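Input: a single structure, listed below in structure tokens.
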Amino acid sequence: MSVVLETTIGDLTIDLFTKERPHSCKNFLKLCKLKYYNFCLFHHVQSNFVAQTGDPTGSGSGGQSVYGILSGEDARYYEGEKKPKIKHDRPGLVSMVNCGDNLIGSQFFITLGEDTTCSLDEHIVFGEIAEGHDVLLKLNETICDATHRPYQDIRITHTVILEDPYSDPDGLIVPCQSPEPPLEVLQSDRIGADEDITEDIDIEELEEKRLEKEALARATILEIVGDLPSADIAPPENVLFVCKLNPVTSDDDLQIIFSRFGKIVSCEVIRDKKSGNSLQYAFVEFDNQKSCEDAYLKMDNVLIDDRRIHVDFSQSVSKIKWLGKGRGVKYTDKDDEGKNISDKYSKNRNKKRDSFDSRNNYSKDKMSTHESKHYRKDDKNNRYRKSEKEDRGPYNKYRRIEKDEDRRRDDYDKTRKNYRNEGDRKNDRKERDEKREKDDKNKRSYREDRDKRSDRGDRTKSDRYDRGSRR
């Protein structure tokens, strides 16, 4: 159950403790329904302690409960709940003022300090501020006199009941419209709530304030959707955002170009995590704000690698961790300051290449081990078996010749010469071609001899078969 208090400095939303304080919540809701709190003054505001209101007279000694309004002066107060006990241990708690002997009227206060349990133990907590903590800060910072009354009036202008679970008492007549402001409000000797106490401000200053408010509103929206940890966080002022880059532009290129404006802490071209390709934007972090501003003024729309780049101040806070109000911020990823993302990518790429080479070396060693043990694969049952006759026969002899030739080529590639001129290179190539032709000729002659021997063997077998059939 909630009630919205509209004040001259902002709105406050109060969540009521209807289960723990049913009588106090009912009294408060019915007074709000009667527009009883309209134009009530915050007559007592003490910094880091309380802000008290609820007295229509504004003196701090008036006010009555809803039962006093319906039944007369004898029922001005009612007895408040003592249990369960709720402590005043945080700012934003709303309590009914105990007028003595646990008697409650219409006045209430809002806590502004962290822990006020000892001095406010007798009063009855019946709700808590759910929205409008910025209004509490304004209340806490208001300027007051020696009696803790604000110099400028702060009043409740309207109350809105979001939900009322209680039935109306007999005789309660709800007004159809808000009442007119009382005479005390019109004849107050204090600064009016609607009066502007600021000095004459130029149009430029007003425009600057308007832009600040708009920026704060946008930051609040980003905080709500989760893009910012807090609206109070500001991006660093020494980092530039560079976009519309050519994909071939590297970190080193940008660092060389921007280094003429000052010392560069880091320069990162943002790249795709999987492919490593440039996403065509970068962040350049300078050592100081002055160098960053000079680069911003002179590098916008400059031609780099046939592309006109765009330069602006960075709005990214991805490296800033908010520690909470009053605790400041922490810059994460300190170990990687001054390192480019391309360096990280190249390191990962080298790691992958080393692991790939190690796997290849392992597979080669394994193959050489199998060859040395004379293993070969059987195509029928996919098993490895030892063959003692593998190195016998003309085919295996020809395979050994091919292996020897491949080995010679590898040795030659490893120990190839650096030729003095083009003529030496052509002569060496000619010698190699002649040697290769000679080897091919020997292979062809060897194949022809092998085919002749096989044909001769087939003929002898057929002759024997014919002789046996004749017999």
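Data overview
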{"item": "Euclidean distance between Cα centres, the range 38-94 to the range 201-219, Å", "result": "38 Å"}
{"item": "Cα shape, the range 40-126, gyration tensor, a/c 1.5 rule", "result": "oblate"}
{"item": "P(r) of the range 207-304 over all Cα-Cα pairs, binned every 10 Å from zero, in whole percent", "result": "14, 34, 32, 19, 1"}
{"item": "Measure of compaction for the range 1-150 (Cα Rg per 2.2 N^0.38 Å)", "result": "0.96"}
{"item": "At most 13 other Cβ within 10 Å, DSSP loop - GluC sites (Glu not before Pro), the range 96-160", "result": "GLU114, GLU122"}
{"item": "Solvent exposure, largest accessible area first (probe 1.4 Å, DNA, RNA and ligands not counted), of TYR296, TYR151, TYR36", "result": "TYR151, TYR296, TYR36"}
{"item": "Cα-derived Rg to Rh of the range 23-73, Kirkwood definition", "result": "1.00"}
{"item": "Efficiency of FRET from Cβ geometry, SER316 and VAL160, R₀ 35 Å, rounded to 0.05", "result": "0.30"}
{"item": "Prolate/oblate/rounded label for the range 76-158 (Cα gyration tensor, a/c 1.5)", "result": "prolate"}
{"item": "Which listed pairs, of LYS426/LYS452; LYS209/LYS298; LYS19/LYS213; LYS430/LYS452; LYS33/LYS138, have C-alpha distances above 31 Å, in listed order", "result": "LYS426/LYS452; LYS19/LYS213; LYS430/LYS452"}
{"item": "Cα gyration tensor shape of the range 49-90, rounded if a/c is under 1.5, else prolate or oblate by comparing a/b with b/c", "result": "oblate"}
{"item": "ILE304 long-range amide H proximity, modeled H, under 5 Å", "result": "ILE309"}
{"item": "LEU222, LEU29, ranked by accessible area, largest first (probe 1.4 Å)", "result": "LEU222, LEU29"}
{"item": "Net charge contributed by nearby residues that have their C-beta within less than 13 Å of ASN140 (K/R +1, D/E -1)", "result": "-2"}
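The values are calculated or read from the model by the stated rules, or taken from the named source; none is laboratory data. Quick caveat: nothing in here was measured; it's all calculated off a predicted structure. We place every Cβ from the backbone using ideal geometry, glycine too, and count neighbours over all the protein chains shown. The accessibility values were calculated without ligands, DNA or RNA, using every heavy atom of the protein model including side chains. Shrake-Rupley method; radii C 1.70, N 1.55, O 1.52, S 1.80 Å.
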